[in-house]
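Laboratory data are not the source of any read-out in this text; all were calculated from the coordinates shown. Please read all numbers here as calculations on a predicted model, not as lab measurements. In this analysis, Cβ positions are derived from the backbone assuming ideal geometry, glycine residues included, and neighbour counts consider all displayed protein chains.
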């Protein structure tokens, strides 16, 4: 399969579009609060929250998943307009199965060394390059529908952030969101219905979820902090819950923007409008008012066995991150 040639004028236009796309990427292990954070950020006038875009091909299109507006992605006007702007013949012109295969393979954490080498040596296959071109078109279309806005992408995968910044050349800022590993393990063990998939959310053992917590946070702390430099910051989920407005100010300083995020009122509440988000926690479908409260159920309800597994697997990285 050959790449579709572009004119010099088209190439220049695309390059300029990419350089203008500022994207705040929420990275971290699953069940760390990324859906909550992205939903809060999405209320700002200067941003556009699109959820976990990495999952749009599989969860959004192949599985006919729900947008945050509660319509399927294929029925959602926001995404239909985005697809039509991105692809000359709409989403039907894209090989979705190949997009799923290529993107999922590239961002899989066990392939991270391979991805870094591909980026360094520019050694992507023709199929990979075609899929990356399609991905680029999608982000450019999102930006062009909302110019001057910062895109919020909560895809979480550290490796996906590298694709966006070092292959697509978007202006990526990474916020590394961390949460207490005991709370994360407890969350992975709970049963919670997900209307997006008409089934309970995926569960994971305490051992596996903590191993993921360690490996992802280790990569983000050690490698991404070096790769992104001043475009990398850490945020504790607990700090956001305790003092959300202070953390929102930190994010604005990080992005070199003023007053782009909506603040919580004195009751720690905020009005929440419909956001066109992909995947994430089912809370994205809930109500018009958001009230922040600290979820400490894990303190009382986590089992002794879970505690032991988390304690052993997460040490000493847990201490390094302040837990």
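Here are a few things to note about the model shown:
- Nearest 10 degrees, 0 to 90: helix 77-86 Cα axis against the chain principal axis: 40 degrees
- Degrees, to the nearest 10: 206-219 long Cα axis against longest axis of the chain: 60 degrees
- Size descriptor for the stretch 22-87, Kirkwood hydrodynamic radius: 13.0 Å (Cα pairs only, one decimal).
- Taking all Cα pairs closer than 8 Å and separated by 6 or more residues, the relative contact order of the stretch 92-198 comes to 27 percent.
- Helix axis angle, 112-121 relative to the chain longest principal axis, alpha carbon, degrees: 30 degrees
- Over the chain, relative contact order from alpha-carbon pairs under 8 Å, at least 6 apart, %: 31 percent
- Which of 76, 67 has the fewest Cβ neighbours within 10 Å, and the rest in rising order: 76, 67
- The convex hull of the Cα atoms of the chain, projected and averaged over all directions, covers 16.3 nm².
- Listed from fewest to most Cβ neighbours within 10 Å, the set 31, 197 follows the order 197, 31.
- Antiparallel DSSP beta bridges within the chain, percent to nearest 5: 25 percent
- Whole-Å semi-axes of the stretch 218-259's equivalent ellipsoid (Cα gyration tensor): 21, 15, 4
- Top of 71, 300, 191 by mean-square fluctuation, Gaussian network on the chain, Cα under 10 Å: 300
- The shape of the stretch 103-214 can be summarised by an equivalent ellipsoid whose semi-axes, obtained from the alpha carbon gyration tensor, come to 29, 19, 15 Å from longest to shortest.
- Residues 187, 32, 215, sorted so that the one with the fewest Cβ neighbours within 10 Å comes first: 215, 187, 32
- Only DSSP H runs of four or more residues enter the estimate; each adds -39500 (n - 2.57), and after division by the residues of the chain the mean residue ellipticity at 222 nm equals -13000 deg cm²/dmol.
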